[in-house]
Amino acid sequence: LRLGILASGGGTNLQAIIDRIQDGTLHAEIALILSNKPTAGALQRGRLAGIPTLCIDQQQYKNRLDFDRAMVAALNEARVELVVLAGFMRLISNEFLEAFPDRIMNIHPALLPAFSGLNAQQQALDHGTRITGCTVHFVDAGVDTGPIVVQAAVPVLQNDTLETLSARILRQEHRIYPEAIRLFAEGRLRLEGRRVLIDPPLE
Ligand code: GRF
């Protein structure tokens with residue numbers, strides 16, 4: 001399975017995927033790492049791992065659609081079969097979605113549909129929830145609204161800060177994202193309307 005990873009930040013989710021591929025747990029290949037930020041740590045991690053990387057600087061595109069078209073062209077050139085958003089901080093246009101129908105995944109640091117949008121970890125703290133977590137979902141036209149693939153829950157502790165809670169969630173992100181991609185690679189995900197069925201089910 002040829003993966004295209006889109007990242008804007010440090011790339012720890014990318015690193016988890018690289019590590020699972022290298023230890024043989026995840027039978028996939030990262031065909032391309034794309035970023036919209038020239039300074040993204042994800043690009044550095046890709047270079048260190050010898051993976052093709054490309055920065056498409058959004059400043060060079062007069063509008064979002066041209067920027068998205070450039071990304072789609074690069075992903076198709078690399079024969080990407082599954083697009084993985086890993087800390088990619090831009091919305092995906094409908095044209096991009098149509099280029100990869102049901103083949104774009106994202107990870108969100110909350111138990112969707114709770115706390116969609118930005119600062120999900122802070123939202124959980126502000127609401128005094130006892131449990132929060134992270135969600136891998138297929139991307140659809142909404143914001144963090146696509147069919148859910150895998151989730152993981154973590155406790156919110158009394159003395160948690162944004163940093164301690166975010167770190168606890170991130171550890172689970174690094175576990176469930178490679179797992180979700182593995183299920184896709186094994187052909188075990190089936191979309192039924194808005195629900196994702198895993199066949200055979202996870203034990
Ligand atoms: C993670 O918190 C993830 O949930 C969100 O952006 C962050 C990505 O972190 N989508 P990293 O760049 O993978 O370290």
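The values are calculated or read from the model by the stated rules, or taken from the named source; none is laboratory data. Keep in mind that this is a model prediction, so the values were computed, not measured. With ideal geometry, Cβ positions are generated from the backbone for all residues, glycine too; neighbour counts draw on all protein chains shown.
Per-structure values
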item	result
Top-ranked residue of the stretch 159-180 - restricted to ones that are under 20 Å from Ala28 (Cα atoms) and within 11 Å of the ligand (Cβ to nearest atom), ranked as surrounded by the fewest Cβ atoms within 10 Å (Cβ to Cβ)	His174
Any chance Ser93 is of a type in the set (Ser, Thr, Tyr) and within 16 Å of the ligand (Cβ to nearest atom)	no
Tally, over the stretch 140-176, of residues that are over 17 Å from Leu97 (Cα atoms) and of a type in the set (Gly, Ala, Ser)	4
Residue in the stretch 91-103 that is more than 25 Å from Leu189 (Cβ to Cβ), among the acidic types (Asp, Glu) and more than 16 Å from the chain's Cα centre (by Cα) present	no
Residue match in the stretch 79-86 (condition: modelled with pLDDT under 95 and surrounded by fewer than 20 Cβ atoms within 10 Å (Cβ to Cβ))	no
In the stretch 126-154, residue farthest from the ligand (Cβ to nearest atom) [restricted to those that are surrounded by 13 or more Cβ atoms within 10 Å (Cβ to Cβ) and farther than 28 Å from Ile92 by Cα]	Thr129
Within the stretch 104-122, considering residues that are near the ligand (Cβ under 10 Å from one of its atoms), aliphatic (A, V, I, L, M) and within 14 Å of the chain's Cα centre (by Cα), the one surrounded by the fewest Cβ atoms within 10 Å (Cβ to Cβ)	Ala110
Exclusive hit being closer than 18 Å to Ile104 by Cβ and under 21 Å from the mean Cα position of the chain (by Cα), set Leu170, Leu191, Leu202, Leu165	Leu191
Unique match (being over 17 Å from His174 (Cβ atoms), in contact with a His (Cβ under 8 Å, 6 or more places away or on another chain) and surrounded by 15 or more Cβ atoms within 10 Å (Cβ to Cβ)) among Leu34, Leu75, Leu43, Leu1	Leu1
Filter result (out of contact with any strand residue (DSSP E or B) (no Cβ under 9 Å at 6 or more places or on another chain) and among the aromatic types (Phe, Trp, Tyr)) within the stretch 64-102	Phe67
Filter result for the condition that a residue is closer than 14 Å to His174 by Cα and either away from the ligand (no atom under 16 Å from the Cβ) or crowded, with 18+ Cβ neighbours inside 10 Å (or both), over Gln15, Gln58	Gln15
Selection count, the stretch 57-72, where residues are at pLDDT below 95 and closer than 11 Å to Leu6 by Cα	0
Candidates Gly187, Gly133, filtered to the one that is touching a Leu at 6+ places or on another chain (Cβ under 8 Å) and small (Gly, Ala, Ser)	Gly133
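For every residue, the table says whether it meets (1) within 14 Å of the ligand (Cβ to nearest atom); (2) modelled with pLDDT of 95 or more; (3) touching a Cys at 6+ places or on another chain (Cβ under 9 Å); (4) more than 19 Å from Glu81 (Cβ to Cβ).
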{"position": "Leu1", "(1), (2), (3), (4)": "no, yes, no, no"}
{"position": "Gly11", "(1), (2), (3), (4)": "yes, yes, no, yes"}
{"position": "Ile21", "(1), (2), (3), (4)": "no, yes, no, no"}
{"position": "Thr25", "(1), (2), (3), (4)": "no, yes, no, no"}
{"position": "Ile33", "(1), (2), (3), (4)": "yes, yes, no, no"}
{"position": "Gly41", "(1), (2), (3), (4)": "yes, yes, no, yes"}
{"position": "Gly46", "(1), (2), (3), (4)": "yes, yes, no, no"}
